[in-house]
């Protein structure tokens, strides 16, 4: 009996040893911070070795009257509403087009994917120069084709957020294109063959075969792009620093400023909880809707 | 008959048009990179005088020399390379070890731990960066490479991907090796890892690219100039030299070249890692 139990115990030893490094790293650097973050959001902790006091829900009630925070939240939602459909549309069009093309396919796939592998900082710097209202080539081109008063892009509080969205779309559509392309290529060919026999046009095939078969992938891309849109930071940090004014300040950028520039970590932790909740709600919606929406 | 010919002619024309549109679109997509290279090869005077003159008449190479002295570029390059390599190697090993345990070994509370680990896929790092910083600095690891490395080693994505890979390998392999007296450690290193080379390369390339381009975490964790990475260097450079277009572009060209090389060598692994994202859900 005892030896059997010992044997049983022993059979767990190798697995436990193999998982131990990942488990310790997960516990110390992800799980503990996650719990600690919630605790911290109820304090006035400033950072490093500063003393902190428990202040209950003060941080949270302050959040809802904090214009700066609310603006960053609003900007982020606008960013999401623009970024998600534009990226999905471009990725889907590119994926369908690539699927119908036999020549230059490898080159085209690489070209569209290429922005994805370069760093946000590099491309943000390049786009910052491209979008320069006076000396940048984009406005030079716009002037050359007769637009005498082109937008001031990053210098204008009404255009800056849109400019950042466009750069983000340019950078990431190739990534989602690859996912969608893999989805399209996974659709069984016999579906198309029988549709052709029934005399369905290309457009009908797309509408009644491609789109429904692709819906699980499209749904996943939708969720990925939404979650991705709440993590935008690098472009804002390099291209506008949140400005002009507060016009491009987004959620993660606001959290960064509060925590690491103003040293109000308790308050920043409360903002992080809001971010966490937004992502959790999206994930829950995904979980609930996946079975309903997705038709095979 | 005539109708069929017309139809095939029309579809050929349509195909040609589609191809042309795609090629134009690909040039538009690559335009920022072409402009980056072209600007790095021109003097600033030339750039401002003839902004539309994208193909330089004479190649001006001084930007590529000056950028190494304008900022401690070599230092940043070395730091980035060092951190990316160390993190990639350790992360691949640690994720593979735990993935192997999930796929082939007995672990107490296996499902609970796996689900906990996978929450990492849904939860963006940004939502825990503030308390994580607090934990790391209370361990005395703020402003050290060690601290930055440690926070990057766990990857839910990596564990998930490698677990899929190991599950695809037949259990008979393990059983046969155990009969031959192999320890689990030896089975892992001598049998499982060599058989998983494609998966390891995919994860490795993915991690390396991510680390090379990482910006926010180094921004938070690395404060000393001697510790800073290329992305931080480029950002500081941009703030200091807003008008030195040529110099700035030469810097971004240098920072991008390693990624281009990695991409050209491992293109199929990139595609593979994206396809795995499709599998994730």
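Pick out the one residue from B:187, B:151, B:128 that is more than 27 Å from residue A:120 (Cα to Cα) and in contact with a helix residue (DSSP H, G or I) (Cβ under 6 Å, 6 or more places away or on another chain). Just a single option satisfies the conditions, and that option is B:187.
The residue list A:31, A:38, A:9, A:64 contains one member that is in contact (Cβ under 8 Å) with a residue 24 or more places away in the chain and more than 7 Å from every other protein chain (Cβ to nearest Cβ), which is A:38.
If you go through the stretch B:98-124 and keep only what is more than 8 Å from every other protein chain (Cβ to nearest Cβ) and either under 30 Å from residue A:265 (Cβ atoms) or outside any helix (DSSP H, G or I) (or both), you end up with B:109, B:115, B:118, B:119, B:121. Is it the case, given these coordinates, that residue B:3 is at pLDDT below 85, over 26 Å from residue A:108 (Cα atoms) and buried (at least 17 other Cβ atoms within 10 Å of the Cβ)? Judged against the criteria, residue B:3 is not a match. Evaluating residue A:101 against the criteria (1) at the interface with chain B (Cβ under 7 Å from one of its Cβ atoms); (2) assigned to a helix (DSSP H, G or I) leaves one unmet condition, (2). Only residues that are within 10 Å of chain A (Cβ to nearest Cβ) and part of a helix (DSSP H, G or I) were counted across the stretch B:222-251, and they come to 13. Would you say residue B:85 is facing chain A (nearest Cβ under 8 Å), touching a helix residue (DSSP H, G or I) at 6+ places or on another chain (Cβ under 8 Å) and over 16 Å from residue B:156 (Cβ atoms)? For residue B:85, the condition - facing chain A (nearest Cβ under 8 Å), touching a helix residue (DSSP H, G or I) at 6+ places or on another chain (Cβ under 8 Å) and over 16 Å from residue B:156 (Cβ atoms) - is not met. Taking the stretch A:199-242 as the region of interest, the helices (runs of 4 or more DSSP H) fully inside it that hold 2 or more residues being within 11 Å of another protein chain (Cβ to nearest Cβ) and buried (at least 20 other Cβ atoms within 10 Å of the Cβ) are A:211-229, A:234-239.
The numbered conditions (1) at the interface with chain B (Cβ under 8 Å from one of its Cβ atoms); (2) more than 23 Å from the chain's Cα centre (by Cα); (3) free of Cβ contacts under 8 Å to residues at least 60 places away in the same chain are all true for residue A:115 except (2).
Comparison of B:216, B:230, B:247, B:222 shows that the only residue that is modelled with pLDDT of 90 or more and over 15 Å from the mean Cα position of the chain (by Cα) is B:222. If you go through the stretch B:126-144 and keep only what is in a helix (DSSP H, G or I) and either surrounded by 17 or more Cβ atoms within 10 Å (Cβ to Cβ) or at the interface with chain A (Cβ under 8 Å from one of its Cβ atoms) (or both), you end up with B:126, B:127, B:128, B:129, B:130, B:131, B:132, B:133, B:134, B:135, B:136, B:137. Taken residue by residue, the stretch B:257-265 has no member that is buried (at least 21 other Cβ atoms within 10 Å of the Cβ) and out of contact with any strand residue (DSSP E or B) (no Cβ under 8 Å at 6 or more places or on another chain). Which is within 13 Å of another protein chain (Cβ to nearest Cβ), modelled with pLDDT of 90 or more, assigned to a helix (DSSP H, G or I) and within 16 Å of the chain's Cα centre (by Cα), of A:124, A:95, A:91? Among A:124, A:95, A:91, only A:91 is within 13 Å of another protein chain (Cβ to nearest Cβ), modelled with pLDDT of 90 or more, assigned to a helix (DSSP H, G or I) and within 16 Å of the chain's Cα centre (by Cα).
Okay, residues lined up against (1) at pLDDT below 90; (2) assigned to a helix (DSSP H, G or I); (3) surrounded by fewer than 17 Cβ atoms within 10 Å (Cβ to Cβ); (4) on the phi > 0 side of the Ramachandran plot:
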| position | (1), (2), (3), (4) |
| --- | --- |
| A:7 | yes, yes, yes, no |
| A:20 | no, yes, yes, no |
| A:28 | no, yes, no, no |
| A:37 | no, yes, no, no |
| A:70 | no, yes, yes, no |
| A:76 | no, yes, no, no |
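Residue A:182 falls short on exactly one of the conditions (1) within 8 Å of another protein chain (Cβ to nearest Cβ); (2) touching a residue at least 40 places away in the same chain (Cβ under 8 Å); (3) over 17 Å from residue A:240 (Cβ atoms), and that condition is (2). Between B:159, B:151, the distinction of being surrounded by 23 or more Cβ atoms within 10 Å (Cβ to Cβ) and within 20 Å of residue B:215 (Cα to Cα) belongs to B:151 only.
The values are calculated or read from the model by the stated rules, or taken from the named source; none is laboratory data. From a predicted model like this one, the values you see are computed outputs, not experimental measurements. Backbone-built Cβ (ideal geometry, glycine too); neighbour counts: all protein chains shown.
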